[in-house]
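A.B. asks: Below is one structure. I have some questions about it.
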Amino acid sequence: LGAERRARLPPGEMGWPLVGGMWDFLRAYKSGKPDTFIDSFVRRFGRTGVYRSFMFSSPTVLVTTAEGCKQVLMDDDAFVTGWPKATVALVGPRSFVAMPHDEHRRIRKLTAAPINGFDALTGYLPFIDSTVTSSLRAWADHGGSVEFLTELRRMTFKIIVQIFLGGADQATTRALERSYTELNYGMRAMAINLPGFAYRGALRARRRLVAVLQGVLDERRAARAKGVSGGGVDMMDRLIEAQDERGRHLDDDEIIDVLVMYLNAGHESSGHITMWATVFLQENPDMFARAKAEQEAIMRSIPSSQRGLTLRDFRKMEYLSQVIDETLRLVNISFVSFRQATRDVFVNGYLIPKGWKVQLWYRSVHMDPQVYPDPTKFDPLRWEGHSPRAGTFL
């Protein structure tokens, strides 16, 4: 970099050759005290909001303030996606984690409609409702203890697969679920392709996933060629049909990588956040009572002629929505995301050199006492009538 540019770097240290700060990072997360990783930088170098290290095989700047994260996320000229090699290889080079900004915008526009909006959500609610109800009954009838997170992941995966792959049979669903579990273990691991490492097993899992999804895709295309309809329309059907303003369709690799990304993201985040919300409510009986009373009031308001929940009922769940937002703040499923500088750029007065990776530490923003008073306290009412400043709720 030269002496002049080096002098303008954020404070920090690059750590051991090749490994950098990864051991400290992994130790903090495996200890159950994840905040100790960033806390060690704050303790040694002060509250500068940006620090340098060597992470996931690259020189990296860690950004830990709301203003810094907002700047990096909003500046599409100075920053592009910069996810680790392992994540790109496992999710797929044609998914959102690797594609350039314009292509990202195009694919996001094509794929957002099938999973958002009134019509889409109205169509999904009956299946979600019946799946949750039948899962709860099965757990109650089990007669003993259940491994809660495993069962939640199974339940959410069943819902996600229904939305994305419609009529997938039970064998296909189970095969996909097993492979996704193995894939996720390697998602943020070091990219070491040797026996015994999580990344190697995850690569095998991806190959299995791609084979299953390609098989379903081939069947769909063959059925379409014969004019045979499978009944309902799911995400894969919509991706096959999707075309942009130039009439371009998605090719098989794009469809598969988008499905791998959405299936993994929706499955993992939904299962884990439901588990943590349940834990927090169990630890706070008064909050549990209030959330339960709200649900019972909604149930009483449903006319006898109505079957199951509607979006109108869902929108009455104001306190439960606060519980979920507070869970997302405190747990932060996506605790960090990755960018890369396309040119020399300054954040908080410090230089991020061209080509360096940038880690946005959402968790540090959510646990900042200047943004959220008493940040370690689970307090859903902090969201009552509160609209967070841009960049403070990620």
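A.B. asks: What single numbered condition from (1) open to solvent by 20 Å² or more (accessible area, probe 1.4 Å); (2) in contact (Cβ under 8 Å) with a residue 40 or more places away in the chain fails to hold for residue 213?
C.D. replies: Single failed check for residue 213: (1).
A.B. asks: Looking at region 292-306, I want the residues that are open to solvent by less than 50 Å² (accessible area, probe 1.4 Å) and have a partner that is outside any loop (DSSP other than H, G, I, E, B) with Cβ atoms under 6 Å, at least 6 apart or on another chain. Which pairs are those?
C.D. replies: Listed pairs, sorted by first residue: 294/319; 298/313.
A.B. asks: Among the candidates 261, 287, single out the residue that is at pLDDT 85 or above, touching a Pro at 6+ places or on another chain (Cβ under 7 Å) and either farther than 21 Å from residue 131 by Cα or among the β-branched types (Val, Ile, Thr) (or both).
C.D. replies: Details: 261 fails: touching a Pro at 6+ places or on another chain (Cβ under 7 Å).
Testing whether each residue is at pLDDT 85 or above, touching a Pro at 6+ places or on another chain (Cβ under 7 Å) and either farther than 21 Å from residue 131 by Cα or among the β-branched types (Val, Ile, Thr) (or both) leaves just 287.
A.B. asks: Being more than 22 Å from the chain's Cα centre (by Cα) and either within 23 Å of residue 330 (Cα to Cα) or outside any loop (DSSP other than H, G, I, E, B) (or both) is the filter here, so list the residues in region 48-86 that pass it.
C.D. replies: 48, 49, 50, 51, 52, 53, 54, 58, 59, listed by residue number.
A.B. asks: Could you list all residues from region 182-206 that are of a type outside the set (A, V, I, L, M, F, W, C), open to solvent by 20 Å² or more (accessible area, probe 1.4 Å) and out of contact with any Ser or Thr (no Cβ under 9 Å at 6 or more places or on another chain)?
C.D. replies: 182, 184, 185, 193, 195, 196, 200
A.B. asks: Looking for something free of Cβ contacts under 8 Å to residues at least 12 places away in the same chain and over 30 Å from residue 308 (Cα atoms) - is there at least one such residue anywhere in region 113-133? First the steps, then the outcome.
C.D. replies: Taking region 113-133 and keeping what is free of Cβ contacts under 8 Å to residues at least 12 places away in the same chain, we get 116-117, 119-120, 123, 133.
Those still in the list that are over 30 Å from residue 308 (Cα atoms) too: none.
No, region 113-133 has no match at all.
A.B. asks: Among the helices (runs of 4 or more DSSP H) contained in region 230-311, which hold 3 or more residues that are of a type in the set (S, T, N, Q) and out of contact with any strand residue (DSSP E or B) (no Cβ under 8 Å at 6 or more places or on another chain)? It would help to see each step written out before you state the result.
C.D. replies: Working: elements: 235-241, 252-283, 285-301.
Result: 252-283.
Here is a yes/no grid of residues against (1) touching a Phe, Trp or Tyr at 6+ places or on another chain (Cβ under 6 Å); (2) within 30 Å of residue 106 (Cα to Cα); (3) modelled with pLDDT under 85:
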| position | (1), (2), (3) |
| --- | --- |
| 143 | no, no, yes |
| 147 | no, no, no |
| 164 | no, yes, yes |
| 177 | yes, yes, yes |
| 181 | no, yes, yes |
| 196 | no, no, no |
| 205 | no, yes, no |
| 216 | no, yes, no |
| 233 | no, yes, yes |
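A.B. asks: Limited to region 349-369, what total is found for residues that are outside any helix (DSSP H, G or I), at pLDDT below 95, in contact with a helix residue (DSSP H, G or I) (Cβ under 9 Å, 6 or more places away or on another chain) and not hydrophobic (A, V, I, L, M, F, W, C)?
C.D. replies: 1
A.B. asks: Please find, among 136, 152, the residue that is crowded, with 16+ Cβ neighbours inside 10 Å and part of a helix (DSSP H, G or I).
C.D. replies: 152
A.B. asks: I'm checking my understanding of the structure. Among residues of region 30-64 that are buried (at least 23 other Cβ atoms within 10 Å of the Cβ) and polar (S, T, N, Q), which one is nearest to residue 338 (Cα to Cα)?
C.D. replies: 60
A.B. asks: Follow-up question, since we're still on this one. In region 76-99, is there at least one residue being free of Cβ contacts under 8 Å to residues at least 24 places away in the same chain and surrounded by fewer than 13 Cβ atoms within 10 Å (Cβ to Cβ)?
C.D. replies: Checked against the condition, which is being free of Cβ contacts under 8 Å to residues at least 24 places away in the same chain and surrounded by fewer than 13 Cβ atoms within 10 Å (Cβ to Cβ), region 76-99 yields no hits at all.
A.B. asks: Within region 3-29, which residues are over 23 Å from residue 346 (Cβ atoms), surrounded by fewer than 12 Cβ atoms within 10 Å (Cβ to Cβ) and among the aliphatic types (A, V, I, L, M)?
C.D. replies: Result: 18, single match.
A.B. asks: In region 312-332, what residues are closer than 22 Å to residue 126 by Cα, outside any helix (DSSP H, G or I) and within 24 Å of the chain's Cα centre (by Cα)?
C.D. replies: 315, 317
A.B. asks: Is there a residue in region 122-131 that is open to solvent by less than 60 Å² (accessible area, probe 1.4 Å) and over 23 Å from residue 315 (Cα atoms)?
C.D. replies: No, because not a single residue in region 122-131 is open to solvent by less than 60 Å² (accessible area, probe 1.4 Å) and over 23 Å from residue 315 (Cα atoms).
A.B. asks: Sticking with this structure for a sec: Could you identify the single residue in 349, 391 that is of a type in the set (Gly, Ala, Ser) and over 25 Å from residue 322 (Cβ atoms)?
C.D. replies: Working: 391 fails: over 25 Å from residue 322 (Cβ atoms).
Answer to the check: 349.
A.B. asks: Consider only pairs whose beta carbons are under 7 Å apart and that are at least six residues apart or on different chains; among these, list those whose first residue lies in region 22-47 and is closer than 15 Å to residue 359 by Cα and assigned to a helix (DSSP H, G or I) and whose second residue is at pLDDT 90 or above and open to solvent by 50 Å² or more (accessible area, probe 1.4 Å).
C.D. replies: 37/24
A.B. asks: Applying the selection to region 340-385, what residues are exposed (fewer than 15 other Cβ atoms within 10 Å of the Cβ), more than 27 Å from residue 29 (Cβ to Cβ) and acidic (Asp, Glu)?
C.D. replies: Residue satisfying the conditions is 384 alone.
The values are calculated or read from the model by the stated rules, or taken from the named source; none is laboratory data. Because the structure is a prediction, the values reported are computed rather than measured. Here the Cβ is made from the backbone with ideal geometry for all residues, glycine too, and neighbour counts use every protein chain on show. Ligands, DNA and RNA are excluded from the accessible area calculation, which covers all protein heavy atoms including side chains. Shrake-Rupley method; radii C 1.70, N 1.55, O 1.52, S 1.80 Å.
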